[in-house]
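Data first, discussion second: the structure below is written as C-alpha cells.
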Amino acid sequence: MKNFFLSRLLQASIVAVVVGAVCFALMRALPGDAAMRIAAGRYGPDARIADAAEKVRLELGLDRPIAAQFLEWIGSLLRLDLGHSLVTGRAVAHELQVQLGASVWLAATALLISLLIGPLVGLISGLKPGGAADRSGLAGAVVFRAIPPFVLGLILMLIFSRQLGWLPPAGFGSPREILLPALTLALGLAAMSSRVTRNAVAAVARAPYFAFARYKGLPEAVVVRRHGLRNAAIPVVSYLGLQAIYLVEGVVVVESLFAYPGIGHALVHAIVERDVPMVQGTALVMGLMFVAINATIDLLTFWLDPRTRRTA
Amino acid sequence: MRIANALLLTLMLGASMPVAHALADTLKVAGPWEITGIEPAQTGYVFSRLQVAETLVTTDKKGALVPALAEKWAVSDDNLTWRFTIRGNAGFHDGTSVTAEAAAISLRRALAGVGVFSQAPIADIASEGHDIRIRLTKPFSALPAYLVHFSTVILAPSSFDTAGKITRIVGSGPYKVKALTPPARLELEGSDSWWGGTPGIDEVNYLAVGQGETRALMAESGEADLVFSMLPVSVDRLKANPKLDVQIATIPRTRILKVNAASPFFDQVEERQAVSAAIDRVGITKVILRNSDLAATQLFPPAMKGWNSPDVPPLERNVEKAKTLLKTAGWVPGRDGILEKDGKRFSVTLLTYASWPELPPIATALQAQLRQIGIDVKVSVGNSSEIPARHQDGTLEMGLVSRLYSIVPDPIGTLLQDYGPGGSDWGSMGWDNKEIQGIVERLAATNDASTRLPLQTRAVEILQEELPSIPVTWSELAIVSSKRIAGVEVDPLEVNYRLSAIRWAK
C-alpha cells in the first residue's frame, strides 16, 4: 500500500513536469504573435491592437529568451505560485478555484446522474441479452452517444426551458441551473456506461458460478446481488476513469452553450488569447486530477476484486 | 441502499451550492459581453452601459453630447485649454464626493494606458478647484467626444491599490456593484446617492451568455427580462412571441472589405471598384442578416447624419461593369477562367475572424461572388488579432472586418485612425490620400457645424470613389425585452443602456 502511494506521487510529479514542458513548448510553437493575441483578448476586436500589443510586449517581457521564461515558470511552480493571468490580471490559482470548482460541480453532478441511468439500464439489458430491454437500451445508447453535446443541449433547452419553462437555459450558482448542462453530459456518459455494464452483466450471467448460484436454488434477486453486481462492477468502475476524458471534452462545449463559467470555457479562451500561465495552470491541475482519478479507480478495483490483492 | 446514498449525495450537492438570490424583483439582463478583468480600458463598457461607472460627458438619445459627471465645459480662445466643471452633487459609492482631483487621477490613468483617449493630443491633465484642466498640444475639437469613451470612466480613489492597480469598481452611477463573478455574472444594487435620482428597479443581475441561441431561449423562457444582441435568425421568432418586445436600431458599425492597396491586386482604383461592383450586397443582407436595408451602398449608414450623403452614386452590383473595369486594369481571363496579368493569377486570401458570428458566412458569399468575375479567393478564418498582425507585416491581401465608427461618438475619432498616413489595423492599407488626410485634420480642429458639413461630404465622396475599404453591409442591434418591464430604450451608440429608467410594467 505504501508502494502504491509512493508510485502515484512519483507519477504525479512526472505528469507535472511533462505537462508543464509540453504546454510551454506548444504555446510557443503556435503560429501568430503572442502579444497581438493577448492584446486582442484584453481589449477586444474594436481596439487598436497593434499599439496595444507593443505595450503588452513591454509589460510582460515577451522578448526575453524562452529558456529564461521557462525556468522562471518552474521556479514559481516550486514555490506553489501559478502566476497571474495575462488577460484578466487575476491570480491563476484564484481563477482555477472559481472556474475549475464550477466545472468539478458540473462534472460530478453529470457523473452522478449518469450513474443513476447508465448502470441501471445496463443491468436490465444484460440480464436478458437480445431482449426488448437490451434492444431499446442499445438504440438509446446509439442515439445519445451520436448526438453531439451541442445539439443535445439545445434540444434539452427547447424542451425544459422554452416549452415547459421548468429550468433556466443558462446561468450558474444554484441547483436549478446546473441540471440542464449536467443532464446533457450525463446522457452521453450513460449511453456508454450502460453498454459497458450490459456487456459485463451479460458475461457474468453466462459464467458458471452464476449458473451454479441459480442451480443451488437462490432467488433471482439474491443471485444478482450476491454474485452479479460485484463481478460486473469491476469493468464498469475501470471504465469510469475513461469517462473522465469524455467529461473534459464535453464540458468545453456544454459550458459555452449554457454560459457556465467553468474551466473548459476558460481554457478555450486562454488558448486563443495565449494566456500562457492560465493554460499551464489549468493543464497542470487537470493532469494531476487524472492521476488522482486513476488512483481512486485503482483503489476501488482493489477493494472490489480480491484477486488483485492476492497477486499484489 | 445504493439509491438512498445517491439521493443523499444529490441533496448534499444541492444544499452546498450557493443559493440564488430572490429573483422576483430583480431585473435580469443578459448580453454577450464577458467581464474579462475590471481594467476600464478592457471592460469599462460593461460598467458604463450598466450605469455603474460614469464618464464626464455622455450622449443623449440622438447621439448629441450632454453633461454627465461634468456639468459644463469650455475651451480657451486659443483652443488649447479645456475646462470641465465637476457637478457639485455627485458622489462615489464609497460615500466620498466626486472631486476634480479624483477625476484627474482616473483620466491620467486612461491617458497612460491603452485606449482611444491616449491618442488625443493631450499635454497634461490637472485639477483646479471644481475644474479639470486639460491642456492640448494642438487644437482638437473632438475632445469632449473622447471623454465619452468607456476607458475614461471616473472611479473613486478606493478602486485602486497603492501600486495604482485596480482592485474593484467604485463608481458614481445609479447602480453599485454588489457581487462580481468573472467572467460571467455581475450583481448590482441601486445607489441612493446618484445625482440623477433613484433607479426604478433596485436590483439588477447581468449574465454574460456567449451563444446567441441561448440568449434567445433565455428571453423566451422568461429567465431574462432584457437581452442584448440577438442573432438575425432569431429575431422573427422573437417578434412573434406575445410576451416579448423586440427593438432594433441601426448602429454605426460597417462590415468592410479591407484591401491591401499596395499589392498588385488592388493598387489600381479600377480593381477596387470592380470588386465592389461584384458584390451582391442585397443578397448577402437578405440571406445572412435577414434585412436587405442593411446593404451598404456607402461607408456610413443613413442614421449617421452628416456622414451619409444622398448625393454619392450608391455602390451596387454590376457584374458586367466589374469585368470591364478589370479589363481596363489589364486583367484577362486565363484558361480556367481566373484572371491573369503578366503571368500572375488573380488569386488572393480573404482573412476574417469569428468574433462576430456573421463574418465567416459573409466571407464565403463574397468568395462565390468574386469567382464570377474571375477572382479566386481563399477564405481563412482566424483570430481577430491576425488582421492587425498581417497589416503590420504587409502580407494581408484582403480582410473582412467589422468596423465601429462610434468608438467615440464623433466618427472623426475613427477616421483619424483609419485613413491617416499608412492606414491602420482596421482601416486602409497601402493607400495614401493627402486630400482626405487634410480634411480629417481640419475636421478634428473645428467644432463649427457649417464648416464641418462640406468637409464631411467631401470625405464621403473620396471614400466612395477610391474605395480604400469596400463597404459590404451595415449593422443593427436587436434588443429583446419582456413585457414585464417598461421604459426600455435602445442606445445606438451603446454608451449607456439607461437601466435606471426601466420600471416594472403595471
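The values are calculated or read from the model by the stated rules, or taken from the named source; none is laboratory data. Keep in mind it's a predicted model, so treat the numbers as computed, not measured. Please note: Cβ atoms are built from the backbone with ideal geometry, for glycine as well, and neighbour counts cover all protein chains shown. Surface areas here come from the heavy atoms of the whole protein model, side chains and all, with no ligands, DNA or RNA. Shrake-Rupley method; radii C 1.70, N 1.55, O 1.52, S 1.80 Å.
Set side by side, the residues B:275, B:209, B:259 differ, and just one is under 18 Å from residue A:172 (Cβ atoms) and surrounded by 23 or more Cβ atoms within 10 Å (Cβ to Cβ), which is B:209.
Residue B:224 passes every criterion in (1) of a type in the set (Gly, Ala, Ser); (2) under 14 Å from residue B:47 (Cβ atoms); (3) buried (at least 23 other Cβ atoms within 10 Å of the Cβ) apart from (2). Just checking, does region B:449-469 include any residue being under 19 Å from the mean Cα position of the chain (by Cα) and either closer than 30 Å to residue B:290 by Cα or among the basic types (Lys, Arg) (or both)? Among the residues of region B:449-469, at least one is under 19 Å from the mean Cα position of the chain (by Cα) and either closer than 30 Å to residue B:290 by Cα or among the basic types (Lys, Arg) (or both), which makes the answer yes.
Would you call residue A:130 open to solvent by 40 Å² or more (accessible area, probe 1.4 Å), outside the structural domain of residue A:17 (by TED's automatic domain parsing) and not in a helix (DSSP H, G or I)? Give the steps one after another, and end with the answer.
Details: open to solvent by 40 Å² or more (accessible area, probe 1.4 Å): yes; outside the structural domain of residue A:17 (by TED's automatic domain parsing): yes; not in a helix (DSSP H, G or I): yes.
Yes, satisfied.
How many residues does region B:94-106 hold that are out of contact with any Pro (no Cβ under 7 Å at 6 or more places or on another chain), in a helix (DSSP H, G or I) and under 19 Å from residue B:168 (Cβ atoms)? Spell out the reasoning first.
Of all residues in region B:94-106, those out of contact with any Pro (no Cβ under 7 Å at 6 or more places or on another chain) come to B:94-101, B:103-104, B:106.
Next, from what is left, pick out any that are in a helix (DSSP H, G or I): B:100-101, B:103-104, B:106.
This time we only want the ones that are under 19 Å from residue B:168 (Cβ atoms), so: B:103, B:106.
Adding up the residues that qualify gives 2.
Candidates are the residues of region A:65-85 that are open to solvent by less than 30 Å² (accessible area, probe 1.4 Å) and within 20 Å of residue A:53 (Cα to Cα); the one that is nearest to the other protein chains (Cβ to nearest Cβ) is A:85.
A residue that is more than 10 Å from chain B (Cβ to nearest Cβ) and either over 30 Å from residue A:259 (Cβ atoms) or touching a Cys at 6+ places or on another chain (Cβ under 9 Å) (or both) can be found somewhere in region A:100-122.
Is it true that residue A:89 is outside the structural domain of residue A:278 (by TED's automatic domain parsing), surrounded by fewer than 21 Cβ atoms within 10 Å (Cβ to Cβ) and part of a loop (DSSP other than H, G, I, E, B)?
Details: outside the structural domain of residue A:278 (by TED's automatic domain parsing): yes; surrounded by fewer than 21 Cβ atoms within 10 Å (Cβ to Cβ): yes; part of a loop (DSSP other than H, G, I, E, B): yes.
Answer is yes for this residue.
Quickly run through region B:331-382 and pick out the residues that are of a type in the set (Lys, Arg) and free of Cβ contacts under 8 Å to residues at least 60 places away in the same chain. Spell out the reasoning first.
So in region B:331-382, the residues of a type in the set (Lys, Arg) come out as B:335, B:341, B:344-345, B:371, B:378.
Passing the criteria: B:335, B:345, B:371, B:378.
In region B:392-405, which residue that is within 10 Å of chain A (Cβ to nearest Cβ) and touching a residue at least 40 places away in the same chain (Cβ under 8 Å) is farthest from residue B:304 (Cα to Cα)?
Filtering region B:392-405 down to residues within 10 Å of chain A (Cβ to nearest Cβ) leaves B:392-393, B:401-404.
This time we only want the ones that are touching a residue at least 40 places away in the same chain (Cβ under 8 Å), so: B:401-404.
Values: B:401: 19, B:402: 17, B:403: 14, B:404: 12 Å.
Across region B:392-405, the extreme among qualifying residues is B:401.
Scanning region B:228-256 for residues being open to solvent by 20 Å² or more (accessible area, probe 1.4 Å), farther than 24 Å from residue B:361 by Cα and part of a strand (DSSP E or B) gives a total of 3.
Step by step: first the residues of region B:212-227, then only those that are assigned to a loop (DSSP other than H, G, I, E, B) and farther than 20 Å from residue A:150 by Cβ, then the one that is farthest from the other protein chains (Cβ to nearest Cβ). Which residue is that? Restricting to residues being assigned to a loop (DSSP other than H, G, I, E, B) and farther than 20 Å from residue A:150 by Cβ, the top hit is B:225. From (1) farther than 24 Å from residue A:299 by Cβ; (2) surrounded by fewer than 23 Cβ atoms within 10 Å (Cβ to Cβ); (3) more than 14 Å from chain B (Cβ to nearest Cβ); (4) under 19 Å from the mean Cα position of the chain (by Cα), pick out the condition that doesn't hold for residue A:211. (4) is the only condition that residue A:211 fails.
Could you run through region B:394-410 and say how many residues are at pLDDT 90 or above and not small (Gly, Ala, Ser)?
Narrowing region B:394-410 to residues at pLDDT 90 or above: B:394-405.
Add one more test, that the residue is not small (Gly, Ala, Ser), and what stays is B:395-398, B:400-401, B:403-405.
Residues that pass the stated criteria total 9.
Within region A:54-108, the set of residues being over 29 Å from residue A:173 (Cβ atoms) and basic (Lys, Arg) comprises A:55, A:57, A:64, A:79. When the criteria are applied in full, residue B:476 meets the requirement of being open to solvent by 10 Å² or more (accessible area, probe 1.4 Å), modelled with pLDDT under 95 and over 28 Å from residue B:197 (Cα atoms). Residues in region A:70-111 that are in contact (Cβ under 8 Å) with a residue 40 or more places away in the chain and either over 27 Å from residue B:167 (Cα atoms) or among the charged types (D, E, K, R) (or both): A:70, A:74, A:95, A:105, A:106, A:107, A:109, A:110, A:111. Residues that are in contact (Cβ under 8 Å) with a residue 24 or more places away in the chain and either in contact with a Gly (Cβ under 8 Å, 6 or more places away or on another chain) or more than 12 Å from chain A (Cβ to nearest Cβ) (or both) within region B:407-422 comprise B:407, B:409, B:410, B:411, B:412, B:415, B:417, B:418, B:419, listed in sequence order.
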